[in-house]
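Take a look at the structure below.
Nothing in this text is a laboratory measurement; each read-out follows from the coordinates by a stated rule. From a predicted model like this one, the values you see are computed outputs, not experimental measurements. Glycine also receives a Cβ, built like all others from the backbone with ideal geometry; neighbour counts cover every protein chain displayed.
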């Protein structure tokens, strides 16, 4: 076999091995997030808080009806239960006055960037854990939970981040 081909294969194997090693810790964090219904909050690259389900229940609960509009399925009216994202951040002493955005990250890697203004809007951005009075099942069970971001002022649901596990506050 050509020496260049062997070298290229060796480099690719090394890259795959290093990537797998670096992602091992993140995979454990993802599994923990789903199993324990934990949300990790990061600020300037460092984890500053972990939010568990009991912490969510300690905050003011909101129940609201919202229509999920999607380009590939019929509109669905649902009743959601959750907490305002701004209230959760305030509870963790994270001031939105000093940040530009909140990036929501899901277990499957999907990310959505929200401006601080969007998060501060009244009755807009929520972390929900129930739909139609039932807990959101995790991804493994075909659900969109244990948590999902719902943005009420968006016309469509493409930024509704399912399987929420992490918030990056920048």
- [ ] Take the alpha-carbon positions of region 59-107, form their convex hull, and give its projected area averaged over all directions (one quarter of the hull surface) in nm².
- [x] 5.2 nm²
Open item on the list: For the chain, what does the relative contact order come out to in percent, with C-alpha contacts under 8 Å and a separation of six or more?
Closed with: 23 percent
TODO: With r as the distance between the Cβ atoms of residue 159 and residue 76 and R0 = 22 Å, compute the FRET efficiency 1/(1 + (r/R0)^6) and round to 0.05.
DONE: 0.85
Open item on the list: With angles folded into 0 to 90 degrees, how steeply does helix 3-36 sit against the dominant principal axis of the chain? Use alpha carbons for both and round to 10.
Closed with: 30 degrees
Task: Cα gyration tensor category, rounded, prolate or oblate, for region 88-170 with a/c compared to 1.5 - done: prolate
Task: Most mobile listed residue (154, 133, 97) in the chain, GNM with C-alpha springs under 10 Å - done: 97
Task: Linear extension gain, residue 108 paired with residue 50, 0.36 nm per residue minus alpha-carbon span - done: 19.0 nm
Open item on the list: Can you tell me how the chain classifies by the Cα gyration tensor, rounded, prolate or oblate, using a/c under 1.5 as the rounded cut?
Closed with: prolate
Open item on the list: Looking at the chain as a GNM with Cα springs under 10 Å, which of 83, 131, 11 has the largest mean-square fluctuation?
Closed with: 11
